[in-house]
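Structure record follows, encoded as C-alpha cells.
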Amino acid sequence: MSHKVYNVLFLCTGNSARSILAEVIVNRRGGGRFRGFSAGSHPKGEVHPMALALLRERGDDTTDLRSKSWDEFARPGAPALDFVFTVCDNAAGEVCPVWSGHPITAHWGVEDPAAFEGPVDRQRSLFRRVYQVLERRIDLFTNLSLESLDRISLQTRVVEIGRSGTRGGEED
C-alpha cells in the first residue's frame, strides 16, 4: 500500500538557520511521510555555519543544504505544497507568493539564533534551544493522523502546534 508523501515548506526571511533546521528535522523525523523544504523571502545566500555544525553534530548530512528564495517554490513545476510554516515573524508578515497545491499554513515563530550578538557559547546554546523547539513541534506535527482530520481541524491543529513552547525553547 502506498502512502501520500506530504510536502512541507518552512519559510524565514534569510533561510540561513531556523528554516534550514526545520527542513532537516522534518526530513529525518517524518518517517518517509514528509518531504521538507526551506526558503526565504530575502535569502542570505549561505547557511549559517553554526546551523551546519549543529546538524552535523546530530549526524545529519548537510551536503545539499543551501539558502534559497521562496520564488523557487512558486514557479511552474515546483513541488505542490501541502503545508507552509513560517518560522520567523518577518516572513509571517510578508505577502507570500501563491503556492502550488493550496497548502495549509501556520506561523511557528522561534527566536533567531543567527541574529544573536554575544558570546559564541551563548549563541551555540540558543541554536540548540531553537532546534529543540522546532523538533518538538515537528514531532507533534508528524504524529498527527492527517488522513483522519478534515481541513479545518488540521488547520486548527497546526496553528496550535505553532503556539506550543515559547520562542526561547521553554514550555508555556
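The values are calculated or read from the model by the stated rules, or taken from the named source; none is laboratory data. Just so it is clear, the structure is predicted and the values come from calculations on it, not from any experiment. Every residue, glycine as well, gets a Cβ built from its backbone with ideal geometry; the counts of neighbours run over all protein chains shown. For the accessible areas, the whole protein counts, side chains as well, though only heavy atoms, and no ligand, DNA or RNA atoms are used. Shrake-Rupley method; radii C 1.70, N 1.55, O 1.52, S 1.80 Å.
From the list Leu144, Leu134, Leu140, the one residue that fits, being of a type in the set (A, V, I, L, M), under 17 Å from Phe10 (Cβ atoms) and open to solvent by 60 Å² or more (accessible area, probe 1.4 Å), is Leu140.
Quick one: is Pro76 assigned to a loop (DSSP other than H, G, I, E, B) and either aromatic (Phe, Trp, Tyr) or more than 17 Å from Asp89 (Cα to Cα) (or both)? Judged against the criteria, Pro76 is a match. So is Arg66 touching a Gly at 6+ places or on another chain (Cβ under 9 Å) and assigned to a loop (DSSP other than H, G, I, E, B) or not? It is true that Arg66 is touching a Gly at 6+ places or on another chain (Cβ under 9 Å) and assigned to a loop (DSSP other than H, G, I, E, B). From Val26, Val47, grab the single residue that is touching a strand residue (DSSP E or B) at 6+ places or on another chain (Cβ under 8 Å), closer than 20 Å to Asp112 by Cα and either part of a helix (DSSP H, G or I) or not small (Gly, Ala, Ser) (or both). Val26 is the lone residue from the list that is touching a strand residue (DSSP E or B) at 6+ places or on another chain (Cβ under 8 Å), closer than 20 Å to Asp112 by Cα and either part of a helix (DSSP H, G or I) or not small (Gly, Ala, Ser) (or both).
Reported count of residues in region 6-23, each being in contact with a strand residue (DSSP E or B) (Cβ under 6 Å, 6 or more places away or on another chain) and either within 15 Å of Asp112 (Cβ to Cβ) or at pLDDT below 95 (or both), is 10.
Scan region 17-37 residue by residue and report those that are open to solvent by 10 Å² or more (accessible area, probe 1.4 Å) and either of a type in the set (D, E, K, R) or under 11 Å from the mean Cα position of the chain (by Cα) (or both). Matches in region 17-37: Arg18, Glu23, Val24, Asn27, Arg28, Arg29, Arg33, Arg35, Phe37.
In the condition set (1) touching a Gly at 6+ places or on another chain (Cβ under 8 Å); (2) farther than 12 Å from Cys88 by Cβ; (3) open to solvent by less than 60 Å² (accessible area, probe 1.4 Å); (4) modelled with pLDDT under 95, Gly40 is compliant with all but (2). Taking each residue of region 98-114 that is under 23 Å from Tyr131 (Cα atoms) and among the hydroxyl-bearing types (Ser, Thr, Tyr) and looking for partners that are in a strand (DSSP E or B) and open to solvent by 60 Å² or more (accessible area, probe 1.4 Å) with beta-carbon atoms closer than 7 Å, six or more apart or interchain, yields nothing. Select from region 50-63 the residues that are part of a loop (DSSP other than H, G, I, E, B) and open to solvent by 40 Å² or more (accessible area, probe 1.4 Å) and write down the one among them that is farthest from Gly30 (Cα to Cα). Step by step, filter region 50-63, then rank; the result is Thr63.
The rows are residues; the columns are (1) open to solvent by less than 40 Å² (accessible area, probe 1.4 Å); (2) modelled with pLDDT of 75 or more; (3) over 18 Å from Arg151 (Cβ atoms); (4) within 17 Å of the chain's Cα centre (by Cα).
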position: Asp82; (1), (2), (3), (4): yes, yes, no, yes
position: Asp89; (1), (2), (3), (4): no, no, yes, yes
position: Ile104; (1), (2), (3), (4): yes, yes, no, yes
position: Glu111; (1), (2), (3), (4): no, yes, yes, yes
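Screening Arg66, Arg28 for residues that are of a type in the set (D, E, K, R) and within 25 Å of Asn143 (Cα to Cα) leaves exactly one candidate, Arg28. Return yes or no: is Asn15 at negative phi and of a type in the set (S, T, N, Q)? Judged against the criteria, Asn15 is not a match. All conditions but one from (1) of a type outside the set (Val, Ile, Thr); (2) more than 22 Å from Arg29 (Cα to Cα); (3) not in a loop (DSSP other than H, G, I, E, B) apply to Gly101; the one that does not is (3).
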